[in-house]
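Structure in structure tokens, see below.
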Ligand SMILES: Cc1cc2nc3c(=O)[nH]c(=O)nc-3n(C[C@H](O)[C@H](O)[C@H](O)COP(=O)(O)O)c2cc1C
């Protein structure tokens, strides 16, 4: 079987397995598809995220490989390198945020970004729990995707590829090198009982 890369967090700390094992691969099994029930689980994991004042300023569009929408997003919405690997995933999830609040005023962009980030991470961990892998992409054609989706009043935050991880066999060298590269983190990300 073609080698599957695993890149668990390099820490001695006791981490929940889903948290430890999550990482962002770029190789997906192109024969894998998501069932309607799986798509619903992914959507619901996003929908039940916390948000500021429970404002839920989000929308998630799941475009499955083989659909007309997926083709359009893949061809026009994913720039450069992302466009070479992300369409192989079983789905492209587009995360959008509302521009205005319920009173019609501009939403606080920090609150909105935080809410979308929390909902996205729930989606990613749900995917991981289903034996899948997800990869966030900010390097996308935000305006092109907004236009494709007819998403008036919303901005496109990120796209997230979701699918079954694929093996290294037959993959481009550039992709294989990135898959095998170690995951790195700053040592000083958190402080315990200590000031800056
Ligand atoms: C907001 C955001 C935007 C990102 N944009 C891209 C992208 O355009 N292309 C890409 O290959 N990875 C992208 N990534 C993935 C990061 O590079 C990746 O999460 C980071 O290197 C840590 O690796 P890990 O997720 O495997 O732990 C993005 C991640 C986030 C959170």
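Can you tell me how many residues within segment 117-147 are farther than 18 Å from residue 89 by Cα, more than 12 Å from the ligand (Cβ to nearest atom) and within 12 Å of the chain's Cα centre (by Cα)?
Residues in segment 117-147 being farther than 18 Å from residue 89 by Cα, more than 12 Å from the ligand (Cβ to nearest atom) and within 12 Å of the chain's Cα centre (by Cα): 3 in total.
For residue 69, indicate whether it is modelled with pLDDT of 95 or more, farther than 21 Å from residue 140 by Cα and more than 16 Å from the ligand (Cβ to nearest atom).
no
Can I ask one more? Sort out which residues of segment 7-47 are within 16 Å of residue 179 (Cβ to Cβ), within 16 Å of the ligand (Cβ to nearest atom) and touching a helix residue (DSSP H, G or I) at 6+ places or on another chain (Cβ under 7 Å), and write them in order of number.
Answer for segment 7-47, where residues must be within 16 Å of residue 179 (Cβ to Cβ), within 16 Å of the ligand (Cβ to nearest atom) and touching a helix residue (DSSP H, G or I) at 6+ places or on another chain (Cβ under 7 Å): 8, 21, 22, 25, 26, 27, 28.
Restricting to segment 155-196, and then to whatever is within 13 Å of the ligand (Cβ to nearest atom) and in a loop (DSSP other than H, G, I, E, B), can you tell me which residue is nearest to residue 104 (Cα to Cα)?
189
While we're looking at this one, here's another question. Please pick out the residue among 152, 147 that is part of a helix (DSSP H, G or I) and more than 24 Å from residue 26 (Cα to Cα).
Selected residue: 147, the only one of 152, 147 that is part of a helix (DSSP H, G or I) and more than 24 Å from residue 26 (Cα to Cα).
Something else now. So is residue 80 within 14 Å of the ligand (Cβ to nearest atom), more than 11 Å from the chain's Cα centre (by Cα), surrounded by fewer than 16 Cβ atoms within 10 Å (Cβ to Cβ) and farther than 22 Å from residue 18 by Cα or not?
Working: within 14 Å of the ligand (Cβ to nearest atom): yes; more than 11 Å from the chain's Cα centre (by Cα): yes; surrounded by fewer than 16 Cβ atoms within 10 Å (Cβ to Cβ): yes; farther than 22 Å from residue 18 by Cα: yes.
Against the criterion (within 14 Å of the ligand (Cβ to nearest atom), more than 11 Å from the chain's Cα centre (by Cα), surrounded by fewer than 16 Cβ atoms within 10 Å (Cβ to Cβ) and farther than 22 Å from residue 18 by Cα), residue 80 qualifies.
Another question about this same structure. Can you tell me which condition residue 72 does not meet? The list is (1) part of a loop (DSSP other than H, G, I, E, B); (2) touching a helix residue (DSSP H, G or I) at 6+ places or on another chain (Cβ under 9 Å), and all the others hold.
Evaluating residue 72 over (1) part of a loop (DSSP other than H, G, I, E, B); (2) touching a helix residue (DSSP H, G or I) at 6+ places or on another chain (Cβ under 9 Å) leaves (1) as the failure.
The values are calculated or read from the model by the stated rules, or taken from the named source; none is laboratory data. Since we're looking at a predicted model, the values are computed, not measured. Every residue, glycine among them, receives a Cβ derived from its backbone with ideal geometry; neighbour counts consider all protein chains shown.
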